[in-house]
1. Just check the range 128-259 against the gyration tensor rule for me: Cα atoms, a ≥ b ≥ c as the square roots of the eigenvalues, rounded for a/c under 1.5, and otherwise prolate or oblate depending on whether a/b exceeds b/c.
2. Please list, in order along the range 248-253, the HN-Hα scalar couplings obtained from phi with the Karplus expression 6.51 cos²θ - 1.76 cosθ + 1.60 (θ = phi - 60°), rounded to whole Hz, x for Gly and Pro.
3. Quick one: pull the percent of accessible area on the range 190-256 belonging to carbon and sulfur, 1.4 Å probe, ligands and nucleic acids left out.
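The values are calculated or read from the model by the stated rules, or taken from the named source; none is laboratory data. Computed from a prediction, not measured in an experiment: that's the story for all the values here. Just so you know, the surface numbers come from the protein's heavy atoms only, side chains and all, with ligands and any DNA or RNA stripped out. Shrake-Rupley method; radii C 1.70, N 1.55, O 1.52, S 1.80 Å.
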Amino acid sequence: MSAPALLFHLSDIHFGLEDNHALDWVRTEIVRLNPAAVAITGDLTMRARSREFDAARKWILSLDVPVTVEVGNHDMPYFNPFTRLFAPYAKFRGMEAVVEREIDLPGIAIVPLKTAARAQPRLNWSKGWVSGAALRKCLAAIDALPKGTKALVTAHHPLREVGTQGTALTRGGGRALAELARRDVLAVLSGHVHDAFDIVESTANGPVRMIGAGTLSKRTRSTPPSFNELRWDGTELTVTVRNLEQVPTPAMQIDDVPENALPPREPGDPVAPVGQVPRTDPPVH
Ligand SMILES: [Fe+2]
Ligand SMILES: [Fe+2]
């Protein structure tokens, strides 16, 4: 058998509040280990500012490997409700020029699933929402893969739907997981909660593995900055949570996906404008 395929799964870099020490180390590890791809599962920026996207673009272009990026809730305009509603992805789309969609890996394909929504019929827009259209697009991409190819689905929000609909982390997450369980999906990679995890979620159609990456920003939650090193040997996908403090992987992974994982507020964090995002529940992931 050939050498295992190596993938790096990064998330929540939050340029604007990025951890440059951690990012320099990640780039060194990318040079050293030369992964087949780097998948970044959203929240590239802090407030979708142009200078934050510029810094993200510069960092990604400094990597000599294929990179995929999903949109996170922080990658849409925060202060301007007009832009948020009518051109929410304009700045993020600028990233498409620097990322690869076709990742050439033996027997596996990276398939995106959009979970960040410009607006939702509930108060907290920072949470996830898998719309019918987003799910159909993802499933169609999986169904179009060559026979025998396994999918690694990349999303920003974990597909966890808990509590009542109003408090679910990701609306439509349960339905999406059940559909993914019918297909040859190796795992769903996500971010958003700023801690790593590797759990199996059961659905009516069988289990789905959900793998979360921590953050590479200063907005850590309960673990130091980290990224996931994924190895696929053709049979098994193994995850190592890499971090600068040499914390072993099991200690870096949380046991369950929290419904609401708020990192501590930073001094000087803006308070959301009234009428845009409720002040009682700021989107800080
Ligand atoms: Fe997020
Ligand atoms: Fe985040």
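1. Numbers: a/c = 2.05, a/b = 1.28, b/c = 1.60.
The shape class here is oblate.
2. Karplus values, whole Hz, x for Gly and Pro: x, 3, x, 6, 7, 9.
3. 46 percent
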